[in-house]
There are 2 protein chains.
Amino acid sequence: METDYLSLTFAALADPTRRAILARLAMGESSVTEIARPFKISLPAITKHLKVLERSGLIARGREAQWRPCRLEAKPMKEAVDWLEHYRRHWEESFDRLDEYLKELQRTEKIKAKGKL
Amino acid sequence: METDYLSLTFAALADPTRRAILARLAMGESSVTEIARPFKISLPAITKHLKVLERSGLIARGREAQWRPCRLEAKPMKEAVDWLEHYRRHWEESFDRLDEYLKELQRTEKIKAKGKL
């Protein structure tokens, strides 16, 4: 069976620590120790998160034995956005409906206010 | 603690069956039986998927006791896209780099070909 990369990408993004790691790597490549510094979790926990990110293709690691810096690989995000963009019409419609509802509410309030005058 | 809706959304999207259900609901609201029809999995399994989608806010269910149709609620997808869009520069850069590499490859091949003439 073909690897379902889109599912791996979404699963990797479904965690605030992993998203924070990606935000850190967006500023430049970094060692595991540097990545771990701002977090209150153990180094093995960070390493686990990095493995999930690496498996999804969202990060890659250098090959130097001593210092294996992590870097962001944003290509899988493009696929995620491409998938989501098919639904743009739907979320824009729902915001239009909300807007329409709020306008209707304002109209009703104005009518009520006038009635009280 | 505030509910981390972005994580719930990404987790809900990290499954091909759930993404197929969303694609189905993009065509219009639908009953659970109708949703389940094209899938080779049990009705309880479908119900489980629907619960994950409902919890993330990606679908909503009608209140009629007998027929509780599901409908797509695409707003959480907008938040997901908004988050991903911060990284657009990165994936565009990586495609530019690939493009540059392929052009370089073509140039080298041409030089080699000329050398053979």
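Any read-out appearing in this document is the output of simple, stated calculations on the displayed coordinates, not a laboratory observation. Just so it is clear, the model here is predicted, and its values are computed rather than measured. All Cβ positions, glycine included, derive from the backbone under ideal geometry; neighbour counts span all protein chains shown.
For the residues of A:71-80, the average number of beta carbons from a partner chain within 10 Å of their own beta carbon is 5.
Placing a label point 7 Å from Cα along the Cα-to-Cβ axis, A:D96 is separated from the same position in the other copies by 3.5 nm, shortest listed first. One equal scatterer on each Cα of chain A, no solvent, Debye formula: the resulting log10 I(q)/I(0) at q = 0.13 Å⁻¹ is -0.63. Inter-label distance, B:Y5 to A:K103: 2.3 nm, where each label sits 7 Å from its Cα along the C-beta direction. Under the criterion of Cα pairs below 8 Å and six or more residues apart, the relative contact order for chain B equals 26 percent. Cross-link partners for B:K112 among the lysines, with Cα-Cα distance under 26 Å and sequence neighbours closer than 8 places in the same chain left out: B:K103.
Angle of helix A:43-55 to the longest C-alpha principal axis of chain A, folded into 0 to 90 degrees and rounded to 10: 80°.
Every other copy gets compared here: list the nm distances from the B:S31 label point (7 Å along Cα to Cβ) to its counterparts, shortest first, one decimal. Inter-copy label distances (nm, one decimal, shortest first): 6.3. Taking the centroid of alpha carbons for each part, the range B:94-117 and the range A:88-117 are 59 Å apart. Between copies, the label points at B:D4 (set 7 angstrom from Cα along Cα-to-Cβ) are spaced 2.2 nm, reported in nanometres from shortest to longest. The mean number of Cβ atoms from other chains found within 10 Å of a Cβ in peptide A:17-25 is 2, as a whole number.
Report the Cα centroid-to-centroid distance between the range B:17-62 and the range A:1-62 in angstrom, as an integer. The two parts, judged by their Cα centres, are 30 Å apart. Per-residue ellipticity at 222 nm from helix content only, as computed over the protein assembly as shown with -39500 (n - 2.57) for each DSSP H run of at least four residues, stands at -21000 deg cm²/dmol. Once Rg and the Kirkwood radius are both taken over the C-alpha atoms of the protein assembly as shown, their ratio Rg/Rh works out to 1.11. Among A:E64, A:E100, A:E34, the largest mean-square fluctuation in a Gaussian network model of chain A, built with springs joining Cα atoms closer than 10 Å, belongs to A:E100. The mean count of C-beta atoms from other chains within 10 Å of the C-beta of residues in B:89-99, rounded to a whole number, is 3.
Scanning chain A for the beta carbon that comes closest to the axis linking it by rotation to B yields A:F10, 2, distance in whole angstrom.
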